[in-house]
Each structure stands twice: as structure tokens, then as C-alpha cells.
Amino acid sequence: MAEQVSKSVLFVCLGNICRSPIAEAVFRKLVTDQNISDNWVIDSGAVSDWNVGRAPDPRAVSCLRNHGINTAHKARQVTKEDFATFDYILCMDESNLSRVPAPKGEEQIFMLPALATGTAWSGRPHGHKVDPDEDATCAVRPRQKDLNRKSNQVKNCKAKIELLGSYDPQKQLIIEDPYYGNDSDFETVYQQCMRCCRAFLEKAH
């Protein structure tokens, strides 16, 4: 019998303390329940460096525990190497697709042709409510069709870069950030991640 080839997936959101660690933990639980965890490399990361080293938001941890899932993840920033090592990079919303940080001292890397479309990143941390009039570029969002050109932006990129919500059987494409919300918003994220991760696993398995 041929040896099973491992697959890999990186879940990405803005700060890696709310949505993407929930998605990572959910997917780990799914593959563990199916006894295929040895076939997968699973991680999550952030497009920003604001929360590097931090544990997930306590509300995310509580939500996962309510469903019998634990997480020991510490937030990290997406690296250039991730594009060459992961088979799938699944983002929570389109703004996560517009900017990917480069290692210090290197030129900034964009998943999408953001410079060509006028998309830019405000660089402001959680807690700063952006006024579009303050920085007009903040309101410009990447177009879904730009996903077809994503892999051309990074040399040696092997990852298939998509929205996790593209797998949602209920067709909810965007997984909204619950950071400014309450426990019910985190539960909504959990339910979306569960639906999407199940569908993704079924397709990728």
C-alpha cells in the first residue's frame, strides 16, 4: 500500500487570536476524530504582528471549551516561507488577502495584486476604528476575482490561497471578526468554521 502523503493548511486572520485559532482548533478536532491527524500539518497565523506570542482571546478559548475543544496556540505572523510550505492558506475575509507581511528588512509581500488595484493596509492595531475619510485607501477591498492571480505574487508559492468561507455549504463567504462583539459572535464564528472545515476536509481528504 502506498504511503499516505501529508497535506498542510494554514488558517489566517488579522491578529491570530480570534478566528484563525478557532478554525485551526476545529480542524485539528475533525482530523483527530477521523484518525487522520498524522496526515495533516495544521497551523494558523496573522497578517499583523500585533499579537505575536499571545494566547487566543479568552472568548475564543471559552467558546472552544464549550464544544469540548482545547487550544494551546500562540499567535504568530505569516512568513514568506509559509507560501512555499503549506498546501492551503485559508483566510477569514478578503482584507486578510490584501496584505501579507514580509520578514523584517525585506520588501512587503502581497497575496493579491493590491498595488495595482489601489488596495493598501492602514497599519492600525485593534482598538482603532478607522474613518475612511482619514485614510481613503482603507476602504478599498480586494476583488474576489483577484484570487485567481494570487500565486503569482510570491516566488515558489505552492499554496492554494482561498477564503475559508468559500467552502461554506450555507454560502456565507466572509467569517466576520468577532473582536468587538460578544460571546454570541464567537459562537457564530465557531459554527461557520465547523461547517467550512468539514466541507474543506471532505474535499481535500
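The values are calculated or read from the model by the stated rules, or taken from the named source; none is laboratory data. Because the structure is a prediction, the values reported are computed rather than measured. Neighbour counts run over all protein chains shown; Cβ positions are idealised from the backbone, glycine included. Keep in mind that these areas ignore ligands, DNA and RNA; they rest on the heavy atoms of the full protein, side chains included. Shrake-Rupley method; radii C 1.70, N 1.55, O 1.52, S 1.80 Å.
Go through the stretch 22-39 residue by residue and tally those that are in a loop (DSSP other than H, G, I, E, B) and free of Cβ contacts under 8 Å to residues at least 24 places away in the same chain.
Result for the stretch 22-39: 1.
Just the residues that are open to solvent by less than 30 Å² (accessible area, probe 1.4 Å) and over 15 Å from ARG65 (Cα atoms), please, taken from the stretch 183-192.
Within the stretch 183-192, just GLN192 meets the criteria.
Among the candidates VAL52, VAL78, which residue alone is at pLDDT below 95, within 30 Å of ASN156 (Cβ to Cβ) and of a type in the set (Val, Ile, Thr)?
Result: VAL78 is the single residue among VAL52, VAL78 that is at pLDDT below 95, within 30 Å of ASN156 (Cβ to Cβ) and of a type in the set (Val, Ile, Thr).
Does the stretch 167-182 contain any residue that is open to solvent by 60 Å² or more (accessible area, probe 1.4 Å), small (Gly, Ala, Ser) and without any contact (Cβ under 8 Å) to a residue 24 or more places away in the chain?
no
Consider SER44 carefully, then state whether it is in contact with a Cys (Cβ under 9 Å, 6 or more places away or on another chain) and part of a helix (DSSP H, G or I).
Answer is no for this residue.
If I filter the stretch 122-139 for residues that are among the hydroxyl-bearing types (Ser, Thr, Tyr), in a loop (DSSP other than H, G, I, E, B) and at pLDDT below 50, do I get at least one hit?
Yes - at least one qualifying residue is present in the stretch 122-139.
Return the residues of the stretch 6-59 that are under 11 Å from the mean Cα position of the chain (by Cα), among the aliphatic types (A, V, I, L, M) and open to solvent by 20 Å² or more (accessible area, probe 1.4 Å); say none if nothing qualifies.
The answer is LEU14, and nothing else.
Give the stretch 151-202 a look and list any residue that's of a type outside the set (Ser, Thr, Tyr), in a helix (DSSP H, G or I) and modelled with pLDDT under 95, or say none.
ASN152, GLN153
Out of the stretch 1-20, which residues are out of contact with any Asp or Glu (no Cβ under 8 Å at 6 or more places or on another chain) and outside any loop (DSSP other than H, G, I, E, B)?
Those that are out of contact with any Asp or Glu (no Cβ under 8 Å at 6 or more places or on another chain) and outside any loop (DSSP other than H, G, I, E, B): VAL12, SER20.
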